[in-house]
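A short write-up of the structure that comes next.
Rule-based calculations on the coordinates, nothing more; no lab input. All of these numbers come straight from a predicted model, not from anything done at the bench. Cβ: placed from backbone, ideal geometry, glycine included. Neighbour counts: every protein chain shown.
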2 protein chains.
Amino acid sequence: MKGERAVVLFSGGLDSTTVLYLARSQGYHLYCLIFAYGQRHRKEIRAAQKIARLNKLPYKIVKINLPWTKSSLIAGKKKIPSFSVRRKNIPSTYVPGRNTIFLSYALSLAESIGAKKIFIGANSIDFSGYPDCRPAYYYAWQKVLKALDTRIKIVAPLLKMSKARIIQLGSKLGVPYHLTWSCYRGGKNPCGLCDSCHWRQQGFQEAGRSDPLKYQHVAGTVSRNF
Amino acid sequence: MKGERAVVLFSGGLDSTTVLYLARSQGYHLYCLIFAYGQRHRKEIRAAQKIARLNKLPYKIVKINLPWTKSSLIAGKKKIPSFSVRRKNIPSTYVPGRNTIFLSYALSLAESIGAKKIFIGANSIDFSGYPDCRPAYYYAWQKVLKALDTRIKIVAPLLKMSKARIIQLGSKLGVPYHLTWSCYRGGKNPCGLCDSCHWRQQGFQEAGRSDPLKYQHVAGTVSRNF
């Protein structure tokens, strides 16, 4: 493990930054893949670059063009919805195929540089119900990697952790949460209203820590058992 | 099936053109995905565009940047090797992650437009030993699609067909083989020496048909049971 190469899918958000620090603490030589897939703003890409540079890690920004998607996460499409406990369906922020595309590029890079691990910050607990953040999806991916005769494994250490646990773990690892960016909207300060801000704020509250970011709106505590 | 939308991964080569004509004959409304992944030449992309237009099919050319790959199929990298019966390893023309990236974009498009099928011309018989052209790889992919709760299926009708059978099928379907491009090298005429030319020439010979393309070199018949 020590000195072994690994690819990390890195968005500059809370989860992937925690994973980056976790993998670094385990001694991996990390190669960061950052994706520009037409997000509404460059704030998360800039956050990712800043954190990669801070850690002196090589990174590559991969441009992806998905003109067919109607996701509200893509610039010029629908408005970003605010968090709602009543929502039952997959929200409009879901980008079809996104994690699959990210993992396929990571596979290409990992095979090319001889990395045996792909780290991803996917999280199935405090999240928005995206199908590509669930354990079954990652088990299926392992089968693809096996069928290719690679010895590459996907490592998703946060998959079953709550946001609070992730923040507690990251805090121990020294994650610079003030440099991370989670908000879907991308204003001067995080909005505090979108799903991503909601889960992040609740996570910090439950972890008993204060989020170094200043929000435009601070959400009330929402019971996790709604 | 009739009138149902489907995505076809389309390179303008012999296999994917045959698949396109097969899917069209089954009544699907096809959306072609053509990839510009840094190939040494534009000939196959131009062939794909020409055939898509001939069939009045919508197509999208997706640009992919894989700066880390050392594949000889990518411009500016190693020389394309000539076919050799003695070769045991995966040849240098293999692009790590390529079919996985193609399929992940196809998944994104299929989910976005409500297509339930992704057609791919992968072929495990007369091919160069690429790990992403084998049946096990496609079975594993079906599990990924299932885990995402999509009803999308990958259809790889040529997976277990010999090149000769593919050519016989395509000939019945009226595939314009004179418009297809298979050669890895991309000269004025196909080289006749690379793996792709080798399998194509042998396929036409075994199918008892003449290839409408004129080769720079015509390979001798190589026994399939070497």
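Some observations on this one:
- Ranking of B:Phe10, B:Phe204, A:Phe119, A:Phe102 by count of other Cβ atoms within 10 Å, fewest first: B:Phe204, A:Phe102, A:Phe119, B:Phe10
- Cα long-axis angle, helix B:14-25 against chain B (0 to 90 degrees, to the nearest 10): 40
- Distance from the alpha carbon centroid of segment A:71-96 to that of segment B:96-170 works out to 30 angstrom.
- Under 20 Å from A:Lys56, Cα to Cα: aspartates and glutamates that are on another chain or at least 8 residues apart: A:Glu4, A:Asp15, A:Glu44
- Distances between equivalent label points of A:Gly129 across the copies, with each point positioned 7 Å along Cα→Cβ, amount to 4.9 nm, shortest listed first.
- Reciprocal of mean inverse Cα separation for segment B:5-207 (Kirkwood radius, Å): 17.1
- Identity and axial distance of the chain A residue whose Cβ lies nearest the axis relating A to B, Å: A:Ser104, 2
- Other-copy label distances relative to B:Asp149, 7 angstrom Cα-Cβ extension, nm: 3.7
- Each copy carries B:Arg209; placing its label point 7 Å along the C-beta direction from Cα gives inter-copy distances of 6.4 nm, listed from smallest up.
- Rounded to 5, percent antiparallel among DSSP beta bridges of segment B:1-101: 10
- In the protein assembly as shown, helices alone account for a calculated mean residue ellipticity at 222 nm of -11000 deg cm²/dmol, with every DSSP H run of four or more residues adding -39,500 (n - 2.57).
- Two-site label geometry, B:Lys146 and A:Tyr139: point separation in nm, points 7 Å out along Cα→Cβ: 1.1
- Value in Å of the Kirkwood radius, where the protein assembly as shown supplies the Cα pairs that are averaged: 23.3
- Applying a threshold of 24 Å to the alpha-carbon distances of A:Lys153/B:Lys163; B:Lys117/B:Lys160; B:Lys43/B:Lys79; A:Lys50/B:Lys70 flags A:Lys153/B:Lys163; A:Lys50/B:Lys70 as lying beyond it.
- For segment B:22-155, relative contact order (Cα pairs under 8 Å, six or more residues apart, normalised by length) works out to 18 percent.
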